[in-house]
Amino acid sequence: MTDPALLLVAHGTRNPRGVEMIARLADAVSGRVGATRVAFVDVLGPSPSEVLREVAGPVVLVPAFLASGYHVHADVPREVADSGHGRVLVTPALGPDPALARVLVQRLREAGWRPGDAVVLAAAGSSDPRALHDVHRAADMLSALTHRTVSVGYVATGEPRVPQVVEELRERGARRVFVASYLLAEGLFHSRLSGAGADGVTAPLG
């Protein structure tokens, strides 16, 4: 019986460092479970359907997203259907997950956060309520580890935006505010966080 091929599907970014991060993630997975292909649903290629057409046997497709929004619920199924491949198993998205929450705490400490400092979980945002629900679940997981109520802010789609949340926390008396980047890779969205007015911003999860 042929082992299934593994396909990691990410959003895509024009930032070379973001693309390199996805490649490193695929390499790390390859070292544990075997060769891992990469595809992107936006910005650059190859697309999932293009890669799937090149694979004859069964495929496990992993959406490399931190919340299940439009790309997971619409783009991925459409790409699978367009490929004509009949043996594709799609896993849940990467997040939210307690393991990612633990990495967020590590990233916060690296950025200078200390217990008692306020935290804003910064996500890209989505018009899909399922994705927004996932982001709040991630914030709850981070709250449980930091013993602080973690506020949620969005970078691109949805309200409130990250700078607004940071400002409101300061108005309520927070002396230090840190932004926990709930983004997988470097790119346009992560670069915007440096101007949010926080005392520190974590590196992306990737």
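Points worth noting:
- Selected residue (criterion: farthest from the chain's Cα centre (by Cα)) from residues of region 179-200 that are open to solvent by less than 30 Å² (accessible area, probe 1.4 Å) and among the hydroxyl-bearing types (Ser, Thr, Tyr): SER181
- Boolean, ASP42 is at pLDDT 95 or above and not basic (Lys, Arg): no
- Scope region 73-97; condition over 22 Å from GLU54 (Cβ atoms), open to solvent by less than 40 Å² (accessible area, probe 1.4 Å) and touching a helix residue (DSSP H, G or I) at 6+ places or on another chain (Cβ under 8 Å); matching residues: ALA93, GLY95, PRO96
- Condition check for LEU44: in contact (Cβ under 8 Å) with a residue 24 or more places away in the chain, touching a Phe, Trp or Tyr at 6+ places or on another chain (Cβ under 9 Å) and not in a helix (DSSP H, G or I): no
- Among all residues of region 167-178, there is none that is surrounded by fewer than 18 Cβ atoms within 10 Å (Cβ to Cβ), out of contact with any helix residue (DSSP H, G or I) (no Cβ under 6 Å at 6 or more places or on another chain) and closer than 26 Å to ALA26 by Cα.
- The one condition from (1) buried (at least 22 other Cβ atoms within 10 Å of the Cβ); (2) out of contact with any strand residue (DSSP E or B) (no Cβ under 8 Å at 6 or more places or on another chain) that ALA156 does not meet is (1).
- Qualifying residue in region 165-181 (condition: touching a strand residue (DSSP E or B) at 6+ places or on another chain (Cβ under 9 Å) and within 26 Å of PHE40 (Cα to Cα)): yes
- Residue within region 18-38 that is touching a helix residue (DSSP H, G or I) at 6+ places or on another chain (Cβ under 9 Å) and part of a helix (DSSP H, G or I) present: yes
- Considering (1) in contact with a Leu (Cβ under 9 Å, 6 or more places away or on another chain); (2) charged (D, E, K, R); (3) within 21 Å of SER83 (Cβ to Cβ), the lone condition that ARG14 does not fulfil carries the number (3).
- Members of region 45-68 found to be under 16 Å from the mean Cα position of the chain (by Cα) and open to solvent by 10 Å² or more (accessible area, probe 1.4 Å), listed by number: VAL62, PHE65, LEU66, ALA67, SER68
- Subset tally (residues that are touching a Gly at 6+ places or on another chain (Cβ under 8 Å), surrounded by 12 or more Cβ atoms within 10 Å (Cβ to Cβ) and farther than 18 Å from LEU205 by Cβ) for region 12-44: 5
- Within region 98-128, the residues that satisfy the criterion of being open to solvent by 60 Å² or more (accessible area, probe 1.4 Å), at pLDDT 95 or above and farther than 17 Å from ASP199 by Cα are PRO98, ARG102.
- First in region 103-131 and of a type in the set (S, T, N, Q), second anywhere and part of a helix (DSSP H, G or I) and buried (at least 17 other Cβ atoms within 10 Å of the Cβ), Cβ under 7 Å, 6 or more apart: SER126/LEU132
The values are calculated or read from the model by the stated rules, or taken from the named source; none is laboratory data. Everything numeric in this text was worked out from a predicted model, so none of it was measured. Positions of Cβ are backbone-derived with ideal geometry, glycine not excepted, and every protein chain shown enters the neighbour counts. We work out accessible area using only protein heavy atoms, side chains counted, and drop any ligands, DNA or RNA first. Shrake-Rupley method; radii C 1.70, N 1.55, O 1.52, S 1.80 Å.
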